[in-house]
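Asker: Before we start, here is the structure in question, set down as structure tokens.
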Amino acid sequence: VDPQIVREARAAAFEIKVIYIATEDPNLNIGRVLLRVGQGGPFAPLARVPDDYIQGLKQLPDMKKLADDLMLFDNTTNGRDVRLVGHFHDGKLAKLARSVPKWAQKVFGKEFDKWLSSQDLGQSRNR
């Protein structure tokens, strides 16, 4: 995602929804590209995959601030549907999966921990 395009869209009063899909390891992505190409699917430059992976993770904090909604999905497990890991609405965590992959924990771990502890406090108050 190009943050400048998102900023311009926001300035033009567009509603911004970012859907981010990741795996635990860029090598897994390379393997899937090779598998897809072997089955007649489109090619992606393999040399770019690791850099794109790292760059995408680095952009997530900015996307969280810029987007109306940022939805994080994990696609690590091959042959299964992607699963929702977290959903930020207006920059605030609104939903979090019970199990969070390392890539998401690395980027938003402190926010996840803070949200979980606030959820625990809310539940203990309602008892």
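The values are calculated or read from the model by the stated rules, or taken from the named source; none is laboratory data. Everything numeric here is computed off the predicted structure, so don't read it as measured data. A quick note on method: Cβ atoms are made from the backbone with ideal geometry, for glycine too, and the neighbour counts reach across all protein chains shown. Calculation scope for accessible area: heavy atoms of the full protein, side chains included, ligands and nucleic acids excluded. Shrake-Rupley method; radii C 1.70, N 1.55, O 1.52, S 1.80 Å.
Asker: Cβ contacts < 6 Å: first residue farther than 15 Å from Asn75 by Cα, restricted to region 27-55; second residue exposed (fewer than 13 other Cβ atoms within 10 Å of the Cβ) and not basic (Lys, Arg), any location; separation 6+ or different chain. Result?
Answerer: Here the result reads Val37/Phe43, each pair linking region 27-55 to a residue that is exposed (fewer than 13 other Cβ atoms within 10 Å of the Cβ) and not basic (Lys, Arg).
Asker: Answer yes or no: is there a residue in region 82-91 that is under 22 Å from Arg7 (Cβ atoms) and in contact with a helix residue (DSSP H, G or I) (Cβ under 9 Å, 6 or more places away or on another chain).
Answerer: Checking region 82-91: at least one residue is under 22 Å from Arg7 (Cβ atoms) and in contact with a helix residue (DSSP H, G or I) (Cβ under 9 Å, 6 or more places away or on another chain).
Asker: Give the residues of region 74-98 that are under 26 Å from Arg32 (Cβ atoms), part of a strand (DSSP E or B), open to solvent by 40 Å² or more (accessible area, probe 1.4 Å) and not aliphatic (A, V, I, L, M), sorted by residue number.
Answerer: Arg83, His87
Asker: Just the residues that are under 13 Å from the mean Cα position of the chain (by Cα) and touching a residue at least 40 places away in the same chain (Cβ under 8 Å), please, taken from region 65-95.
Answerer: Those that are under 13 Å from the mean Cα position of the chain (by Cα) and touching a residue at least 40 places away in the same chain (Cβ under 8 Å): Ala67, Asp69, Leu70, Met71, Leu72, Phe73, Asp74, Asn75, Thr76, Val82.
Asker: Those residues that are of a type in the set (Gly, Ala, Ser), part of a loop (DSSP other than H, G, I, E, B) and open to solvent by 70 Å² or more (accessible area, probe 1.4 Å), I need them from region 5-26; list them, please.
Answerer: Selection gives Ala13 alone.
Asker: Next up: So which of Ala97, Ala44 is touching a Leu at 6+ places or on another chain (Cβ under 7 Å) and aliphatic (A, V, I, L, M)?
Answerer: Of Ala97, Ala44, the one residue that is touching a Leu at 6+ places or on another chain (Cβ under 7 Å) and aliphatic (A, V, I, L, M) is Ala97.
Asker: Taking region 38-64, which residues are closer than 18 Å to Leu96 by Cβ and not hydrophobic (A, V, I, L, M, F, W, C)?
Answerer: Pro61, Lys64
Asker: Moving to a separate point now. Across region 27-56, what is the total count of residues that are closer than 16 Å to Ala104 by Cα and not in a helix (DSSP H, G or I)?
Answerer: Residues that pass the stated criteria total 0.
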